[in-house]
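First the structure, in the form of structure tokens, and then the observations on it.
The values are calculated or read from the model by the stated rules, or taken from the named source; none is laboratory data. None of these values were measured; they are calculated from a predicted model. Note that we place each Cβ from the backbone using ideal geometry, even for glycine, and neighbour counts take in every protein chain shown. Surface areas here come from the heavy atoms of the whole protein model, side chains and all, with no ligands, DNA or RNA. Shrake-Rupley method; radii C 1.70, N 1.55, O 1.52, S 1.80 Å.
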Amino acid sequence: MSDELKPVLEGFFTTGDKPALLGSRCTKCGTYYFPKLEGFCRNPDCDCSQFESVELSRTGTLWSFTNACYKPPEPYVAAEPFEPYAIAAVELDKEKMVILGQVVAGVGVDQLKAGLPMELVVESIPDLVEPAGKLVWKWKPMTEGGAA
Amino acid sequence: MTQEIAIIGAGMHPWGKWGRKFVEYGVEAAREALADAGINWRDVDFVSGAATMRCGYPGYVAGATFAQALGWQGAEVNTSYAACASGSQALAAARAKILAGQAEVALVIGADTTPKGFLAPAKGERPDDPDWVRFRVGITNPTYFALYARRRMEIYGDTQEDFARVKVKNAAHGFTNPKARYRKQFTMEDVAGSAMVADPLRLMDVCATSDGGAALIVCSLDYAKKIGKANAPRVAAISTVTPTFASAVIEMPDLATDSAVVADAQSFRAALPKKAYEEAGIGPEDVSVAEVYDLSTALELDWMEDLQLCARGDAAKLLRDGATKIGGRIPVNPSGGLACFGEAVPAQAIAQVCELTWQLRGQSGDRQVEGAKVGITANQGLFGHGSSVILKR
Ligand SMILES: [Zn+2]
């Protein structure tokens, strides 16, 4: 079912069984970027402006986490009534960067701990136009007990 | 040649939600600073304003706006914008002009009027705008501060009670500060009873936005001597360095940090005071008082470590031991900090320097840090802006 839903942001991630975030990699120095970067590499010692589109690592370790206890302002579209959701900052080993995202529905901060292995998944969030919502990337704990 | 300038006047309009024009707060602060310095407005030959982005064109040209409101008298003007560090950039512009011998006396000034309620992003689909993107996927402002706070809990074992202790301490400090907006001695129970905003931060762990205005009169050391103020506090350093790639801490409004595959991971916050210490030729052991940007209670603990007032992970212990209270070894935020003021962006960095000026003169009354000789400020804002200023006497 989820395959039929549109992504909330075009070109930010792939869907399917093994979804991944889409980033850029500088073809000269190898620095990664998310979201995709166009223009100029931000490494001060690199003058490259060529990037390749890459799928970023699908797994990482939990750096920190929190939750949204209040309905965020627009353009976020919240479910009614609003349900708080957790947010994770996940460190990718290969890319050496931290990436934010919501945590899958049903997993709260009490089930999270820094260092947990996390996996990228896609889930739907409400949308103003699409009644079934749109897809967004989320982080999901890979250990039992944390899993939804 | 000396690289120092003197601070001979400080003034502030009380912080609050007054609903008046920012110009009024600025002019009141400027008049107070001029009276404090004992000089005439016509003696000022450079006006260095910190811009506000929320008050239309007069805010973009704040230096000129204040100069006109005080009465055109031919002074040169400048306006700086650097988010939370705007006031420090304005101070740096004044210092450069004075040290170059192109001005003798400068007014450094910033004021803001904040809109009611939350700041909401503009409407429409804007996938190229990082701010729109992160709101669309549910990443709000408190998220970032909560992630830093939770990281402390996970790595150093800090607790929510520690964060509440920061609020209680700062509330006690600001309780008698006539310029502060919130003057109530909050308790641990008050903090614990306030609503959770972004776990682990509660409503009373995060700062509000306020109206306010602050001003400084700064001058060459020769001028200070000439008017009998040779012992006035001096600006010993102003650091406004930008981050160094690869920045390792997630920053609003980004969804990701820099990738550190080819360059070492760097801390922006730690870099700000480092340059200030080098410029002043002193070390953290020389500091007697600090004013830091407590956008959240937990962030004050991060700043203590970035200022090297203690080792990484030890800030909560210092707090629990009472070291950061007035009367302790190294008082932090004797003004009451943002916890008691709320943030008035273009005025805030100047307000930090006002507090240190009064502290170094021994004029802070109930808030006085005994024998304060060296003070340091720290703040950080959006888009690689931040500052750290050192005052000494
Ligand atoms: Zn590159």
Fill in the blank from the handout: Given B:83-95, A:111-123, the highest-first ranking by average Cβ count within 10 Å works out to B:83-95, A:111-123
Completion exercise
Heavy-atom accessible area with a 1.4 angstrom probe orders B:Trp72, A:Trp137, most exposed first, as B:Trp72, A:Trp137
Fill in the blank from the handout: Here the whole-number average of other chain Cβ atoms within 10 Å per Cβ of A:59-68 is 6
Practice task
Summarise the partner chain shielding of B:262-274 as one whole number: the mean count of Cβ atoms from other chains within 10 Å of each residue's Cβ.
Solution key: 2
Exercise for the section: Could you let me know the centre-to-centre spacing of the stretch B:119-181 and the stretch A:22-71, using Cα atoms, in angstrom? Expected result: 24 Å
Practice task
Order the following by accessible area, largest value first: B:Met252, B:Met53. Probe radius 1.4 Å; ligands, DNA and RNA are ignored.
Solution key: B:Met53, B:Met252
Exercise for the section: Mind listing the long-range amide H neighbours of B:Arg202? Cut-off is under 5 Å, sequence gap 5 or more, other chains count too, H placed in the peptide plane at 1.01 Å from N. Expected result: B:Val197
Fill in the blank from the handout: Once all protein chains are kept in place, A:Asp47 shows an accessible area at probe 1.4 Å, nearest 10 Å², of 120 Å²
Completion exercise
In this structure, the FRET efficiency calculated for A:Met142 and B:Glu285 from their beta-carbon separation, with R0 = 30 Å, to the nearest 0.05, is 0.05
Practice task
Would you mind computing, in nm to one decimal, how far apart the modelled labels at A:Ser49 and B:Ile155 are, each placed 7 Å from Cα along Cα→Cβ?
Solution key: 3.7 nm
Practice task
Mind grabbing the accessible area of B:His385 for me, 1.4 Å probe, Å², rounded to tens?
Solution key: 50 Å²
Problem - On Cα atoms only, tilt of B:141-156 relative to the major axis of chain B in degrees - result: 70 degrees
Completion exercise
Stretched fully, the stretch from B:Ala192 through B:Ala311 gains (0.36 nm per residue minus C-alpha distance, one decimal, in nm) 40.1 nm
Exercise for the section: Within 10 Å of each Cβ in peptide A:96-106, how many partner chain Cβ atoms are there on average? Round it to a whole number, please. Expected result: 5
Problem - Within the protein assembly as shown, percent of DSSP bridges classed antiparallel, to nearest 5 - result: 75 percent
Practice task
On a 0 to 90° scale, report how tilted helix B:345-361 is relative to the longest principal axis of chain B, with both axes built from alpha carbons and the result rounded to the nearest 10.
Solution key: 70 degrees
Completion exercise
Taking r as the C-beta separation of A:Lys28 and B:Ala35 and R0 as 51 Å, the FRET efficiency to the nearest 0.05 is 0.30
